[in-house]
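To keep things clear, I will list the structure first and then write my remarks on it.
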Amino acid sequence: MNILWKALLYLLPFHYLVFTVLLGNIPFSGYWKELILIILYVFILLSFFKSNNYRISKSSLVLFLFILINLTYVIIADNPSYALYHMRLYVEPMIAYYIYKNINIKISELVPLIKGLFIISVIISLYGILQAVILKSDFLVRIGYPSEDGRLSHVFFLNAIDNFQRVTATFVYPNTFAYYIALILIVSFAYRKKLFKNTLIYQLGTAISLIALLLTFSRSTWVSLVSVIGIYVIVNLIYNKKIKIKKMPFLFSVFSIALVTLIFDIFKDYGIFKIISTYVIRTVTLEDTSAVGHLDSMEASKELAYENMSGLGLGNNGPKALQNFNYPNLTESSYYLLWFELGLLGMLVYIGFIAVIMYSAIKGLITKHQNYFKFNYFIVILLIVFTLVNFIFLPYIQDVEILIFLFALIGIFANEFKENKNNKGIS
């Protein structure tokens, strides 16, 4: 089983490029991840039934209720097959959480796993930068990325800024790649002292990842990372009472920030610096049509949601519905998208599932005596905060690959590792 659960994490970042673009003509090739999830879930269930502990957690009950709501909407849907496909998008990541929360992972496997994920993310970031800056958008069109009249889809470019292609790497869209690389940055930062003997390797890899993240021009991810930094500082203030500032690293950080600011100011009218400067200014002044579109979408979605408390029908909403409809109901926010799909109740139950995990993590952070587990629960909190903020701005809720990756990570860090405790049931 070790090979399978690790393979899923290592291969998910390549899913779109390899299994959708390059191998898309092979029937059912895109369902490799579902096959692995099914095998792992059956293994977990068999282990569960063999044990004498049949404890069912609160999150299990919430998931069961969420599945019931989904099935109800599938039954009453005009197109049950479309509805069932959308149900899969929402339920699979939750199943991934249970698998990785309950699978037998050894503590000694955790650091090598994170190290491997970090190295893969750096390689993907390098490829993304190379493709966007040197190979250009024509390369993506040639290998099969979505195009319009022979040109890469407009979502890969910045509005009114010299048609600059955003870094998308191996993912379907730049925002999805930004979400992924931010998850790795959060986790690798938490384990930065344990990954490499030579810290320069971590610093160089992080620098490459940050450059790639910057070149995605994903505002939602930037804002979400700032939120995570805020939570990180607050929790450290609570637990450490004060943040210890070492003189040399502090002075180096101040010098680095000052140097970057100076360079940016000098070259703000040239090349990539001009693009970034223009992008930020247009966003703040609401001259950017994409930024305005987000706000307009939120306002329109709010009115539509209040008029349809039970939703608009599962399978009829969001970017995934474009596979079956020319004009589905689209919204920028994941929260409103869930509302449109499953009604207010369905949205609240989904959030309730995340809230239960968050509550358990906060409780573990407060009550656990072993610092190792406190540390991992803190990572769970950071990942959830990052996701909840991101959900405000974009419909990530239908990006099943990245959400499987997210919930698997959350499950791993919520896993208390069986070699350190007695046998347990599904939790």
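Just so it is clear, none of the values below were taken in a lab; they were calculated from the coordinates. Bear in mind that the values here come from a model prediction, so they are computed numbers and not experimental data. In this analysis, Cβ positions are derived from the backbone assuming ideal geometry, glycine residues included, and neighbour counts consider all displayed protein chains.
Please sort by residue number the trypsin sites (Lys or Arg not before Pro) in region 24-69 whose DSSP state is loop and whose Cβ has at most 15 other Cβ atoms within 10 Å.
R55
Gain in length, L68 to L345, computed as 0.36 nm per residue apart minus the alpha-carbon separation, to one decimal in nm?
98.6 nm
Taking the number of other C-beta atoms within 10 Å as the exposure measure, put I404, I76 in order starting with the fewest.
I76, I404
In a shell of Cβ-Cβ distance under 14 Å around V349, excluding V349 itself, what net charge do Lys and Arg (+1) and Asp and Glu (-1) give?
Once all neighbours under 14 Å are counted, the net charge is 0.
Taking neighbour Cβ counts within 10 Å as the exposure measure, how do E401, E34 sort from fewest upward?
E34, E401
Please work out how much length the chain gains when fully extended from K6 to K374, using 0.36 nm per residue of separation minus the C-alpha to C-alpha distance, in nm with one decimal.
Taking K6 through K374 to full extension adds about 130.1 nm, to one decimal.
Calculate the FRET efficiency for V155 and N236 from the Cβ-Cβ distance with a Förster distance of 35 Å, rounded to the nearest 0.05.
The calculated FRET efficiency here is 0.40.
Sticking with the crude label model, points 7 Å out along Cα→Cβ, report the distance from L135 to E109 in nm, one decimal please.
The modelled label-to-label distance comes out at 3.2 nm.
Taking the simple approach of a point 7 Å from Cα along Cα-to-Cβ for both R88 and I56, what is their distance in nm?
Output for this residue pair reads 2.6 nm.
At 0.36 nm per residue, minus the direct Cα-Cα distance, what do S29 and Q323 gain on full extension? Give it in nm, one decimal, please.
Working it through step by step, the gained length comes to 104.1 nm.
Tell me the trypsin sites (Lys or Arg not before Pro) within region 162-223 that lie in a loop according to DSSP and have at most 15 other beta-carbon atoms within 10 Å.
K197
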